[in-house]
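I have placed the structure first, in the form of structure tokens, so that the comments after it can refer back to it.
The values are calculated or read from the model by the stated rules, or taken from the named source; none is laboratory data. If you're wondering where the values come from, they're calculated on a predicted model, not measured in any experiment. Note that each Cβ is placed from the backbone with ideal geometry, even for glycine, and that neighbours are counted across all protein chains shown.
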Amino acid sequence: MFPPIDEVTADGYDLQFGTNVIGHHYFTKLLLPALLAGKESSPDHHTRVVTTSSAASYLSPLYWDTFKDGPARRQKSTSTMYNQSKLANAIVARETAKRYGQDGIISISVNPGNIQSDLQRHLPSIIPKIANLVFLYPTPYGALTQLWAGTMPEALNYNGEFLIPWARPGKCRPEAYDPVIGERLWNWLEEQVQDL
């Protein structure tokens, strides 16, 4: 979280967008055959994809010209890059639900909560110290919402939804529910991974 802005992937993508969005999308794409086959042996005849978004998803829209390195990206802050990647996670999870829900794949995005972790390692040292005292929860809390989404029977009712701490339905930014943005992002991601 918040690496220096000059850090990019080997293919020139923003490091956070490449890791948090393109990597997750490609990994899920590779798992699709197993997910589709696995629903047959699942007691509820579903499989699940749980995507970790963040409260940061509320803080920035998508800046399409910043996904790859260039002048527009370098004018943004590293926190903006993180925020948009977390919004994109919610959008892709919803789009996955739309495209594969009828095939038995449940896709849910979650905000795990403000958790004490090394995600803040690139920030000035005083900021994590203050955050730990004021609004960060112990690390084990960070798994609660994901575990609920991935294991509880009730989670089947939340395909395409955004869960907030602690395993409650919530809402993301309005862009997360825009079908035009969802399709545009999905198609862009498919283009990026088509030759891998």
#### Entry: Residues that are of a type in the set (D, E, K, R) and surrounded by fewer than 14 Cβ atoms within 10 Å (Cβ to Cβ), drawn from the range 142-182
E154, R168, K171
### Task
Could you tell me whether T145 is modelled with pLDDT of 95 or more, farther than 27 Å from L15 by Cα and in contact with a Lys or Arg (Cβ under 9 Å, 6 or more places away or on another chain)?
no
### Task
Please enumerate the residues belonging to the range 48-67 that are in contact with a Leu (Cβ under 7 Å, 6 or more places away or on another chain), hydroxyl-bearing (S, T, Y) and in contact (Cβ under 8 Å) with a residue 40 or more places away in the chain.
S57
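Going residue by residue through the range 65-73, is there one that turns out to be at pLDDT 95 or above and within 25 Å of A167 (Cα to Cα)? Explain how you work it out, then say what you get.
Initial filter on the range 65-73 (at pLDDT 95 or above): 65-73.
If we keep only those that are within 25 Å of A167 (Cα to Cα) as well, we get none.
Checked against the condition, which is being at pLDDT 95 or above and within 25 Å of A167 (Cα to Cα), the range 65-73 yields no hits at all.
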### Query
Is the range 50-61 home to any residue that is over 24 Å from P165 (Cα atoms), assigned to a helix (DSSP H, G or I) and among the hydrophobic types (A, V, I, L, M, F, W, C)?
no
### Query
Restricting attention to the range 12-41, which residues are of a type in the set (G, A, S) and in contact (Cβ under 8 Å) with a residue 40 or more places away in the chain?
G12
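For (1) loosely packed, with under 13 Cβ neighbours inside 10 Å; (2) among the hydroxyl-bearing types (S, T, Y), each residue gets a yes or a no:
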| residue | (1), (2) |
| --- | --- |
| S41 | yes, yes |
| H46 | no, no |
| V50 | no, no |
| A55 | no, no |
| L59 | no, no |
| D65 | yes, no |
| S77 | yes, yes |
| T80 | no, yes |
### Message
Restricting to the range 76-97, count the residues that are closer than 15 Å to P3 by Cα and of a type outside the set (D, E, K, R).
### Response
9
### Query
Within the range 68-90, which residues are closer than 10 Å to Q16 by Cβ and either among the aromatic types (F, W, Y) or not in a helix (DSSP H, G or I) (or both)?
Y82
### Message
I'm trying to understand the selection: among the residues of the range 155-174, which are closer than 17 Å to V49 by Cβ and either in a loop (DSSP other than H, G, I, E, B) or without any contact (Cβ under 8 Å) to a residue 40 or more places away in the chain (or both)?
### Response
N157, N159, G160, E161, A167, C172
### Task
Just one of (1) over 23 Å from L163 (Cα atoms); (2) in contact (Cβ under 8 Å) with a residue 40 or more places away in the chain; (3) part of a loop (DSSP other than H, G, I, E, B) trips up H45, so point out which.
(1)
### Query
If we scan the range 4-11, do we find a residue that is surrounded by fewer than 23 Cβ atoms within 10 Å (Cβ to Cβ), assigned to a loop (DSSP other than H, G, I, E, B), touching a residue at least 12 places away in the same chain (Cβ under 8 Å) and hydrophobic (A, V, I, L, M, F, W, C)?
yes
